[in-house]
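Chemist: Okay, handing you the structure first.
The values are calculated or read from the model by the stated rules, or taken from the named source; none is laboratory data. Just so it is clear, the model here is predicted, and its values are computed rather than measured. In this analysis, Cβ positions are derived from the backbone assuming ideal geometry, glycine residues included, and neighbour counts consider all displayed protein chains. These accessible areas exclude ligands, DNA and RNA; they are computed on the full protein's heavy atoms, side chains included. Shrake-Rupley method; radii C 1.70, N 1.55, O 1.52, S 1.80 Å.
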Amino acid sequence: HHYRIHLWDHHKSEKALESAARCGQAAPRIAHMWHMPGHTYWELNRWADSAWQQEASSRADHAHMMRDRVLPDQIHNYAHNEEWLIRSLMNQGRQKSALDLAKNLLELPRHPKFNSLTKGSGKQGRDRLFQVLEGFELWDDVVALSSTMYLEPTDVTAEQTKRLRLLGVAHYQRGEFPQVEECVKQLEAIAAKLEVKAQADVAEEEKKANEEKQQALKAADLAASNSRNEALLQIERDFQKKFKDAS
């Protein structure tokens, strides 16, 4: 069933419907087997069925966590299962459920190796939170969450830029123009730092290229010098041989 779903995925997903209906039931303790039919239903725009499958995969994962006492992000595809469920919920218009689940991904315990704002549940949760808030135009929630851990400021430039952009749009939609100006000011400061860094990177690359060029020239000069010395030595050897033969 797993194989057949992949076989027809993105091509003729309707041919995998029979396997999609049986895949999870064939191995009910394996979350990925519940996850797989989501591929088929997603391609066929069957959002409710897609969400049902990811909910089932979550139940299998939760049972795994309780049984073996592991953290969510120590489970293969846990974050992906959850973020896909959020997208399925969004496609059904279930904004509250999607918002709650995106927040839940950010509430999960952070494993330093697997889960942060750049990978795992932390990243997936933050990405989907942005998507839910902007997609459903939840401007009041954006402003409210901006002072919480859900939309906290970050040292990751790309994340901070996304945050300020979303917050600026929310303030604009609420008619809070001084706050919009503050967001723009902070974005311009980030842009200025990026410009300085870009110029420094160009200068560093030019310096590196120049050093490599100088090293290449020195190597060429050394090779030429060695070649000349070898030629002179050969001339001297030839002369000595001729002198010896003549004597």
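Chemist: How about segment 60-89: which of its residues are without any contact (Cβ under 8 Å) to a residue 12 or more places away in the chain and in a helix (DSSP H, G or I)?
Modeler: Residues satisfying the conditions are 62, 65, 66, 67, 68.
Chemist: Out of 245, 155, 201, 238, I need the residue that is loosely packed, with under 10 Cβ neighbours inside 10 Å and at pLDDT below 80. Which one?
Modeler: Just one listed residue meets the conditions, 245.
Chemist: Let me ask something else about it. Among all residue pairs at least 6 apart or on different chains, which show Cβ distances below 6 Å where the first residue, located in segment 145-173, is within 22 Å of residue 104 (Cα to Cα) and the second is small (Gly, Ala, Ser) and open to solvent by less than 30 Å² (accessible area, probe 1.4 Å)?
Modeler: Partner pairs satisfying both residue conditions: 167/146.
Chemist: Still on this model: Based on this model, can you work out whether residue 115 counts as under 30 Å from residue 17 (Cβ atoms) and either in contact (Cβ under 8 Å) with a residue 24 or more places away in the chain or open to solvent by less than 40 Å² (accessible area, probe 1.4 Å) (or both)?
Modeler: No: the conditions fail for residue 115.
Chemist: Given the criteria modelled with pLDDT of 95 or more, farther than 30 Å from residue 151 by Cβ and either in a helix (DSSP H, G or I) or open to solvent by 70 Å² or more (accessible area, probe 1.4 Å) (or both), does residue 100 qualify?
Modeler: No: the conditions fail for residue 100.
Chemist: Still on this model: Is there any pair with a first residue in segment 1-12 that is within 11 Å of residue 43 (Cα to Cα) and a second that is open to solvent by 90 Å² or more (accessible area, probe 1.4 Å) whose Cβ atoms are under 9 Å apart and which are 6 or more apart or on different chains, and what are they?
Modeler: 8/14; 8/15
Chemist: Answer yes if at least one residue in segment 6-27 is assigned to a helix (DSSP H, G or I), of a type in the set (Gly, Ala, Ser) and under 28 Å from residue 110 (Cα atoms), and no otherwise.
Modeler: The answer is no; no qualifying residue exists.
Chemist: Does at least one position in segment 67-87 carry a residue that is more than 21 Å from residue 127 (Cβ to Cβ) and either crowded, with 22+ Cβ neighbours inside 10 Å or of a type in the set (A, V, I, L, M, F, W, C) (or both)?
Modeler: The answer is yes, given that some residue of segment 67-87 is more than 21 Å from residue 127 (Cβ to Cβ) and either crowded, with 22+ Cβ neighbours inside 10 Å or of a type in the set (A, V, I, L, M, F, W, C) (or both).
Chemist: Tally time: how many residues in segment 128-150 are closer than 20 Å to residue 175 by Cβ, of a type outside the set (Gly, Ala, Ser) and assigned to a helix (DSSP H, G or I)?
Modeler: 8
Chemist: Test each condition in (1) within 28 Å of residue 118 (Cα to Cα); (2) surrounded by fewer than 14 Cβ atoms within 10 Å (Cβ to Cβ); (3) not small (Gly, Ala, Ser) for residue 14 and report the one that comes out false.
Modeler: If we test residue 14 against (1) within 28 Å of residue 118 (Cα to Cα); (2) surrounded by fewer than 14 Cβ atoms within 10 Å (Cβ to Cβ); (3) not small (Gly, Ala, Ser), just (1) comes out false.
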